[in-house]
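Step one of this worksheet: look at the structure below.
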């Protein structure tokens, strides 16, 4: 399994993914699940994936080669806006489903994938989408400015409590790392290292791409500081006066 999270705030897009692929307790591998499409000054997109690795890699390969959509063979490098980009990713998912779905079903396996697509194309605002295994999608909004795929439940509470569209990119990076650390502590199917990508509004380029290991100084600061802050907050809470 995996965990990927994306934030859409006024200052831009933050995306973070783990790299663990688990095909059994004795078959754990590391694969990057973050892909970038960038034409500086014209577009910057980040794609993260969860689910069956063979499916998600096939989707990415089709996107690189080009996918027929609306009568045109299109790539993420030439779509006119972010909505069409999300539609193209959905079309690639459906294409892989047509090709591999019957063989998977014959083996009793589900067609399992989900993807986050975030970024900005010149002429439009930054946008963040979650594409499902059916190829349909939803978009992050001001009411819910984050999207998650994979093992999302452990990292959701901090985002629900803190994140708003006014959150800065720097604060957003810290929030995604706290969200990821909470997941890492509670689910063995999610693992280091991590891939981080940040796109600042109207720069039309990826301002940060970073591979974060367990030894990364900032990650260690976040991990240890958050743990201590939680312990301190717990100890500062009043104890129940109704327990005899």
Original post:
Failed condition for residue 154, given (1) in contact with a helix residue (DSSP H, G or I) (Cβ under 6 Å, 6 or more places away or on another chain); (2) part of a strand (DSSP E or B); (3) more than 17 Å from residue 12 (Cα to Cα), with all others met?
Top reply: (2)
**OP:** Would you check if there is a residue in the range 106-121 being part of a helix (DSSP H, G or I), modelled with pLDDT of 95 or more and over 14 Å from the mean Cα position of the chain (by Cα)?
**Re:** yes
**OP:** Look through the range 50-72, keep the residues that are assigned to a strand (DSSP E or B) and out of contact with any strand residue (DSSP E or B) (no Cβ under 7 Å at 6 or more places or on another chain), and return whichever of them is surrounded by the fewest Cβ atoms within 10 Å (Cβ to Cβ).
**Re:** 72
Original post:
Which ones in the range 180-212 are under 18 Å from residue 154 (Cα atoms) and assigned to a strand (DSSP E or B)?
Top reply: 194
**OP:** May I ask you to say which residue of 6, 90 is crowded, with 22+ Cβ neighbours inside 10 Å, under 18 Å from the mean Cα position of the chain (by Cα) and not in a helix (DSSP H, G or I)?
**Re:** 6
**OP:** For residues that are in a strand (DSSP E or B), modelled with pLDDT of 95 or more and over 16 Å from residue 86 (Cα atoms), tally how many sit in the range 20-49.
**Re:** 1
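With respect to residue 163, is the statement that it is surrounded by fewer than 23 Cβ atoms within 10 Å (Cβ to Cβ), under 15 Å from residue 7 (Cα atoms), in contact with a strand residue (DSSP E or B) (Cβ under 6 Å, 6 or more places away or on another chain) and at pLDDT 95 or above true?
yes
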Original post:
Checking residue 147 against (1) within 15 Å of the chain's Cα centre (by Cα); (2) closer than 22 Å to residue 200 by Cβ; (3) free of Cβ contacts under 8 Å to residues at least 24 places away in the same chain, which single condition isn't satisfied?
Top reply: (3)
**OP:** Sort out which residues of the range 131-151 are closer than 28 Å to residue 95 by Cα and in contact with a helix residue (DSSP H, G or I) (Cβ under 9 Å, 6 or more places away or on another chain), and write them in order of number.
**Re:** 131, 132, 133, 134, 135, 136, 137, 139, 146, 148, 150, 151
**OP:** Output the number of the condition that residue 138 fails; it satisfies all remaining conditions of (1) assigned to a loop (DSSP other than H, G, I, E, B); (2) at pLDDT 95 or above; (3) within 14 Å of the chain's Cα centre (by Cα).
**Re:** (1)
**OP:** Please work out which one of (1) in contact (Cβ under 8 Å) with a residue 40 or more places away in the chain; (2) in contact with a helix residue (DSSP H, G or I) (Cβ under 8 Å, 6 or more places away or on another chain); (3) surrounded by fewer than 19 Cβ atoms within 10 Å (Cβ to Cβ); (4) not in a helix (DSSP H, G or I) is the condition residue 1 fails and give its number.
**Re:** (2)
**OP:** For residues that are farther than 25 Å from residue 10 by Cβ, crowded, with 20+ Cβ neighbours inside 10 Å and at pLDDT 95 or above, tally how many sit in the range 183-218.
**Re:** 2
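The values are calculated or read from the model by the stated rules, or taken from the named source; none is laboratory data. Owing to the predicted nature of the structure, the values given are computational and were not obtained by experimental measurement. Don't worry about glycine lacking a Cβ; one is built from the backbone with ideal geometry, like all the others, and counts go over all protein chains shown.
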